[in-house]
Amino acid sequence: QTVLSLYIPLQRDYLNLAFSRAASLDSGKKKENKDADKSGALKKTLSAIKMNTQEEDDMGSAQGQGTSLIEDVFYMLRISCHRVVQCNNSSIISAVLNIIADLLRDSFLTEIQKNIKVSKEQARPSHRSMQWINNLQQSSAYITKLYEEMSNLVQRNRAFDEQEITKIMAVAFEMKATADTFSHHLQSYLHKILAIVEAQMRARGLAEFEQLDYRINEGQFINNEINDPWVLTALQAWDQILDPYRSGLNEMNFEELIKEVVSYVTHQMETITFQKAFTQYGGLQVDKDLRALRNYFTEKTEKPVRDKF
């Protein structure tokens, strides 16, 4: 009981202060360089639990990344988990896991949310906002990995009986549940981005398709081979809309966005197409345009899209 009264408040203060420090460094409020040894240990530690570290914060990178706060936070949380398991006291372990869950749910999630600004009034979110959206996705994955490692540490510790293991894992599961909270907020932001993208793609491509007349003859069909009436212009416009998200969002978030975009485009195309009249050559032109769309989105994502068209 004495240990509980001393250790738990100290652990809470340590995590809160360490988080505040990491958040300040990440936001650039303090320009001091991080200790090189800690940085090296951080990469090694995260690698040990197969967490993908993000070493660059460069707008020119091939795929978007998160910020350094993710690495710093989960480094200190993992160290805290390892340290507390070694005390062999289920009550202390449970208390520390509750502290971690509170920090993730309150301080950490709040810090992420205050750095994300997404609204329909924007042409698109800033690159910085997209980095913090990446933080949400990465955090959800890291929380799950942290839970899995904690489970292994407790299960292998012979100091605990079955009842103590059950008690600890019940609290650890509450910590893991914060991953669902992060994922819920992630989906909310991605849906807001999708609404922006949909409006832009409708204005620059789908609106023109709606006005397109497919009651064409052979001569017009042949002429369209040289002077494409719609699809190439639409795809160029969509590149301008989607490319900033490819560089701003990480791979998983961009894949999720493209999946929803494909569903939106195919649904709109189907709705508009059923309202049109076609000649034989108009039907061939529609088929050609759809194949161009399918090839375009196939190049945008690693996931299959053929079944959508």
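Structure data summary
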| quantity | calculated |
| --- | --- |
| Nitroxide proxy distance, nm - points 7 Å out along Cα→Cβ at T144 and A195 | 2.7 nm |
| Solvent-accessible area of R12 with every protein chain in place, 1.4 Å probe, in Å² to the nearest 10 | 100 Å² |
| Relative packing of 167-174, 224-231, which averages over residues the other C-beta atoms within 10 Å, highest first | 167-174, 224-231 |
| In nm, spacing of pseudo-spin labels at T166 and S107 (7 Å Cα→C-beta vector) | 3.3 nm |
| Filtered GluC sites (Glu not before Pro), the stretch 100-172: DSSP coil and at most 14 other beta carbons within 10 Å | E121 |
| Peptide ranges 188-199, 130-141, 277-288 listed from the most packed, as the mean C-beta count within 10 angstrom indicates | 130-141, 188-199, 277-288 |
| Inter-centroid distance (Cα atoms) of the stretch 130-197 relative to the stretch 224-280, Å | 34 Å |
| Cross-link table K120/K300; K114/K176; K176/K303; K288/K308; K120/K288; K145/K303, entries beyond 26 Å C-alpha to C-alpha | K176/K303; K120/K288 |
| Pair A123, E210: separation of 7 Å Cα→Cβ label points (nm) | 2.3 nm |
| D13 - accessible surface, heavy atoms, 1.4 Å probe, Å² rounded to 10 | 80 Å² |
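The values are calculated or read from the model by the stated rules, or taken from the named source; none is laboratory data. Computed from a prediction, not measured in an experiment: that's the story for all the values here. Backbone-built Cβ (ideal geometry, glycine too); neighbour counts: all protein chains shown. Each accessible area value is taken on the protein alone, full model and side chains, heavy atoms only, with ligands, DNA and RNA left out. Shrake-Rupley method; radii C 1.70, N 1.55, O 1.52, S 1.80 Å.
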